[in-house]
1. Any residue in segment A:146-157 that's within 13 Å of A:ARG179 (Cα to Cα): show its pairings with residues that are buried (at least 16 other Cβ atoms within 10 Å of the Cβ) at Cβ separation under 6 Å, as long as the two are six or more apart or on different chains.
2. Kindly provide the set of residues from segment B:130-145 that are crowded, with 22+ Cβ neighbours inside 10 Å, among the β-branched types (Val, Ile, Thr) and part of a helix (DSSP H, G or I), ordered by number.
3. Here are some residues: B:ALA34, B:ALA45. Which one is at pLDDT 95 or above and part of a helix (DSSP H, G or I)?
4. Hey, A:PHE52 hits all of (1) at positive phi; (2) touching a Leu at 6+ places or on another chain (Cβ under 8 Å) but one; which does it fall short on?
5. Could you please find all residues in segment B:107-129 being surrounded by fewer than 23 Cβ atoms within 10 Å (Cβ to Cβ) and either in a loop (DSSP other than H, G, I, E, B) or within 14 Å of another protein chain (Cβ to nearest Cβ) (or both)?
6. Consider B:ASN132 against the criteria (1) farther than 15 Å from B:CYS173 by Cα; (2) within 14 Å of chain A (Cβ to nearest Cβ): it satisfies all of them except one. Which criterion is unmet?
7. Quick check on segment A:38-61. Is at least one of its residues free of Cβ contacts under 8 Å to residues at least 40 places away in the same chain, more than 18 Å from the chain's Cα centre (by Cα) and buried (at least 19 other Cβ atoms within 10 Å of the Cβ)?
8. Within segment A:59-73, identify whether any single residue is modelled with pLDDT of 90 or more, out of contact with any Ser or Thr (no Cβ under 9 Å at 6 or more places or on another chain) and either among the basic types (Lys, Arg) or within 18 Å of A:GLU5 (Cβ to Cβ) (or both), and answer yes or no.
Amino acid sequence: MAAQEVLATVGPNADVAQLAKHAGVSPDTVDNFFGNTETLLMTAFDQKWREFVEWAYGDVPKGDSLEAIIDVCRKLFRARETHPDFSRILAKALDHPDFVIDAVRDAAMPALEHVALRGQLPSDDFDRRAQLWAYAIARILRDVHATLQLSPAAADASLEKTLDIWDISPKTAKIITSRSLKT
Amino acid sequence: MLCLNSYNRSMADNPKSTENPGSHLSAATTRNRAALIRSAQQVLAEIGPEATVEQFVAHAQVSPTTIYNHFGSKEAMFSQALAQIFREWLVWAHNGVPADESLDVMIDVCRKLFRIQQTHPLLGEIVGKTINNPRFVIDAVMADSLPALEAIARLGQLNNAEFDKRTRLFAYCVAGILHGVHATHELSPADADVSLEIALAIWNLSPEAARAVTSRDLNSGPTD
């Protein structure tokens, strides 16, 4: 999809002219179908995200457990190997975490909310914690996919620290960020 | 760090030390550079760091080569423009108290950053337009921010283990809060204080300590 290629090469700030050029259509066509460039790019990102998440969960139901969510996070840290196209998109898109967080909110929040309902995450200040956690993960993903400062294993260790935001004990955080990942 | 800084005793004694370095430059060059910085701050407030060279030169009424002669690149100019207004604000926010004195002071300054729409509207507009790109903002203010944070960690008020990791995560959490306050306006300053309280878990601060440190009276004077 042209919009996904634009995300990987230009990023969320791409304008309608850049999009139309990649797609080989007129700017009016982009406007007519999607209303505006941002909506198109968000839709493109959301689609790629959902494809990855479907693969990452495999047979495990979304929101089944905190462990399942953490496994998916850690698979995101390894997407350069498993899903290089998605990794290129992440690398560009994560200059603008608000874009990424807005784009995946609908896909990601139900699983988190479900895990909170099950009591594995605190329900008090849930939205605040979710927003802070999303930004912390965005930073880790940027270091993994854009600056390449973090290896997947180093990213796991950072993820362990972010679980403080959810009042997860250090011992539990270490355990659930060290599980064997089934691919 | 967004809310942390290297405001120190020498800056308190000599606020002019916060102006652009470059005493070797001629007075005319310094004036021109200052005018460019002011224009860059206005463009950051109106458009943000993605403003094109064309948009900037139309605003500042200068030739594109002027940017490159003074700063080397548009990105460097915008970064220095943000760094400078942030540094000037820090002098005000600290009100004479050194940044590396205590965690309390650092958090007070952070909370004042949530309230700049009222106290420093231009900086508020700039943060609102730039914070969707935390990398740009953090890069611009990091050099001024890290030493105080390191000093506070050395004092034992923050968990010093894996300091760099925690710093990166905390900086993005604060960026997320600032985005809510100044870009989307979803968070009031008081809401932002509560989010900051939670974010302090990154430093292993106890909930009680985090609540105490984010609930101080911001109008009180220096603590010593």
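The values are calculated or read from the model by the stated rules, or taken from the named source; none is laboratory data. Nothing here was measured: the structure is a model prediction, and the numbers come from that model. All Cβ positions, even for glycine, are placed from backbone atoms using ideal geometry, and neighbour counts span all protein chains on display.
1. Close Cβ pairs satisfying both conditions: A:ASP156/A:ARG74; A:ASP156/A:THR177.
2. B:THR130, B:VAL137, B:VAL141
3. B:ALA45
4. (1)
5. Selection gives B:ARG115, B:HIS120, B:GLY128, B:LYS129.
6. All conditions pass for B:ASN132, except number (1).
7. No, the conditions are met nowhere in segment A:38-61.
8. Scanning segment A:59-73, I find no residue that is modelled with pLDDT of 90 or more, out of contact with any Ser or Thr (no Cβ under 9 Å at 6 or more places or on another chain) and either among the basic types (Lys, Arg) or within 18 Å of A:GLU5 (Cβ to Cβ) (or both), so the answer is no.
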